[in-house]
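The values are calculated or read from the model by the stated rules, or taken from the named source; none is laboratory data. Note that this is a predicted model, so its numbers are computed, not measured. With ideal geometry, Cβ positions are generated from the backbone for all residues, glycine too; neighbour counts draw on all protein chains shown. The area values use the complete protein model at the heavy-atom level, side chains included, leaving out ligands, DNA and RNA. Shrake-Rupley method; radii C 1.70, N 1.55, O 1.52, S 1.80 Å.
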Amino acid sequence: MTLKCGFLEAETGLPVPCSERNQCDLMPLALFQGFLEETCLFYGHYTIDGVKFQNFTYDLPLAYLLSTIAYLALSLLWIVKRSVEGFKINLIRSEEHFQSYCNKIFAGWDFCITNRSMADLKHSSLRYELRADLEEERIRQKIAERTSEETIRIYSLRLLLNCIVLAVLAACFYAIYRATIFSQEHMKKEIDKMVFGENLLILYLPSIVITLANFITPMIFAKIIHYEDYSPGFEIRLTILRCVFMRLATICVLVFTLGSKITSCDNYSCELCGYNQKLYPCWETQVGQEMYKLMIFDLIIILAVTLFVDFPRKLLVTYCSSWKLIQCWGQQEFAIPDNVLGIVYGQTICWIGAFFSPLLPAIATLKFIIIFYVKEMSLLYTCRPSPRQFRASNSNFFFLLVLLIGLCLAIIPLTISMARIPSSKACGPFTNFNTTWEVVPKTVSTFPSSLQSLVYGVTSEAFAVPFFMIICLIMFYFIALAGAHKRVVVQLREQLSLESRDKRYLIQKLTEAQKDMKNRLDGQ
């Protein structure tokens, strides 16, 4: 048999589609992936044939592409909308520390509360926020009292620790790169030359390395951050930035390594198809399988850590607290950055894999539901509150910003795969197109001539340049308007501060007058 652009050609000369995986020399996948490979879970199941109805034909390739674009666009709009709301709340809360303290003391109570348990909860919330304010004020005072020698020492230490962080990230990226290359190169070996364990290890080696890196590096970063002497809020943000860069960059390393292997031809020609059709007859399904494996492994690791680490740790701390080793280990702390990053990481995998595995969002939804209840049980029964105070409500905007970064990083490889890498000729709805995006101009060519002229005019440079200039002018107008509003807000705050000083002065004079009057009456 010989391989010609996605087809296996037997001695009879009849082409056999490579989508029939039982006749292709490809390795079966473990964890039901071999069974699921031919189902609607992956890209290769879908065909170029449209669904015919009585009056029209449902264009499956165009719908496949547009549904992915609409999914990503709706996600972007939702994140931007929520981020704007959080940004407004942050602007409202950006007040002086003394003013914030007074607002919590004198105006923080909700007098509509009538239930005792709700009153206790509100009381605990106010006490927690006051402790967070005091902790942040203590850190600011400590920073203000630093000497020049202490400042040089702490900045030198931070520089050294950041070099260590970069070294850890580089080591993880290189390990993922080597694991992906090793896994892809050894997929060429025949099945009968491997045992089942070897098959499983080679197929899932990139996912295993990525999962281990995502599990180990947050613990390293958490240890490092304690020596950098930051405020609690900034400490959480910096930890999240480091971990999110680690998690999202690992996915990008995997995707771009796969892309380099897909488009490389080694010692034989691939000019006919434009990609490595011998090793990847249906490369979109291969990428979808990698995203599927990452999703499954992430769920397995979370469940395994919760069931076999957190719960036994809680039992040991409860019933073996006299042991010194157990005392040093301590009870599990509920770390908000790790849990937020787990959500961002899983959602980024879902965004990237949605095109290559259309049902992956459904799997991600089920995964997040399971993780929610597992984390709830872990929080209630195995974790202790964090000893360091911070306000998670003020970090919502930052968390959404991190999620937006994940979406942008997911759009980059998807755009490259749709517009630059040739689509598979052995499977999928785009077998007749050189790239995935070519379905759009082909569909436009079927429109009436007047509508075609309108579409070409809207997408031309003659329309894009004036539109960009108008958008820039509108943006500058709103920036200027926001600056004017900010100046008004500053003036109003100064006016409120002056009024409070006037009231304090009047109260002081009134008190002195009352004392004088009382002394006069006592003298008479």
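In this structure, Arg384 qualifies as basic (Lys, Arg) and more than 27 Å from Gly288 (Cα to Cα).
This table checks each residue for (1) in a helix (DSSP H, G or I); (2) at pLDDT 80 or above; (3) out of contact with any Cys (no Cβ under 6 Å at 6 or more places or on another chain); (4) aliphatic (A, V, I, L, M).
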position	(1), (2), (3), (4)
Lys104	yes, no, yes, no
His123	yes, yes, yes, no
Val165	yes, yes, yes, yes
Val168	yes, yes, yes, yes
Ala175	yes, yes, yes, yes
Gly197	yes, no, yes, no
Leu200	yes, no, yes, yes
Val209	yes, yes, yes, yes
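Residue check: is Ile336 open to solvent by less than 50 Å² (accessible area, probe 1.4 Å), farther than 30 Å from Ile139 by Cα and at pLDDT below 80? Judged against the criteria, Ile336 is not a match.
Could we say that Leu414 is open to solvent by 20 Å² or more (accessible area, probe 1.4 Å) and in contact with a helix residue (DSSP H, G or I) (Cβ under 7 Å, 6 or more places away or on another chain) here? Judged against the criteria, Leu414 is not a match.
Here is a yes/no grid of residues against (1) at pLDDT below 80; (2) of a type in the set (Phe, Trp, Tyr); (3) loosely packed, with under 11 Cβ neighbours inside 10 Å:
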site	(1), (2), (3)
Leu3	yes, no, no
Leu8	yes, no, no
Pro17	yes, no, no
Asn22	yes, no, yes
Gly34	yes, no, no
Gly50	yes, no, no
Phe56	yes, yes, yes
Val84	yes, no, no
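Per-residue answers, yes or no, for (1) buried (at least 24 other Cβ atoms within 10 Å of the Cβ); (2) acidic (Asp, Glu); (3) in contact with a strand residue (DSSP E or B) (Cβ under 9 Å, 6 or more places away or on another chain):
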{"position": "Gln332", "(1), (2), (3)": "no, no, yes"}
{"position": "Gly342", "(1), (2), (3)": "no, no, no"}
{"position": "Gly346", "(1), (2), (3)": "no, no, no"}
{"position": "Phe355", "(1), (2), (3)": "yes, no, no"}
{"position": "Pro358", "(1), (2), (3)": "no, no, no"}
{"position": "Ala362", "(1), (2), (3)": "no, no, no"}
{"position": "Thr365", "(1), (2), (3)": "no, no, no"}
{"position": "Phe372", "(1), (2), (3)": "no, no, no"}
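Only residues that are open to solvent by less than 30 Å² (accessible area, probe 1.4 Å), among the charged types (D, E, K, R) and at pLDDT below 80 were counted in segment 238-269, giving 1.
Assess whether Tyr64 counts as being at pLDDT 70 or above and in contact with a Gly (Cβ under 7 Å, 6 or more places away or on another chain). Spelling it out, it is not the case that Tyr64 is at pLDDT 70 or above and in contact with a Gly (Cβ under 7 Å, 6 or more places away or on another chain). When we screen Thr114, Thr39, Thr151 for residues that are of a type outside the set (Phe, Trp, Tyr) and modelled with pLDDT of 80 or more, the only hit is Thr151. Does Ile139 satisfy the condition of being modelled with pLDDT under 75, in a helix (DSSP H, G or I) and under 31 Å from the mean Cα position of the chain (by Cα)? No: the conditions fail for Ile139.
Looking only at segment 70-79, residues that are loosely packed, with under 15 Cβ neighbours inside 10 Å and within 21 Å of Phe430 (Cα to Cα) come to 1 in all.
When restricted to residues that are among the aromatic types (Phe, Trp, Tyr) and not in a helix (DSSP H, G or I), segment 226-259 contains 2. Can you tell me which residue within segment 310-322, out of those that are free of Cβ contacts under 8 Å to residues at least 12 places away in the same chain and in a helix (DSSP H, G or I), is surrounded by the fewest Cβ atoms within 10 Å (Cβ to Cβ)? Restricting to residues being free of Cβ contacts under 8 Å to residues at least 12 places away in the same chain and in a helix (DSSP H, G or I), the top hit is Tyr319. Sub-6 Å Cβ pairs linking a first residue in segment 437-458 that is closer than 24 Å to Leu414 by Cβ to a second residue that is at pLDDT 80 or above, at least 6 apart or interchain, are Trp437/Met418; Trp437/Ala419; Val439/Pro61; Val439/Leu62; Val439/Leu65; Val439/Phe433; Thr443/Leu62; Val455/Val444, ordered by first then second residue.
On inspection, Phe447 does not qualify as open to solvent by 100 Å² or more (accessible area, probe 1.4 Å) and among the aromatic types (Phe, Trp, Tyr).
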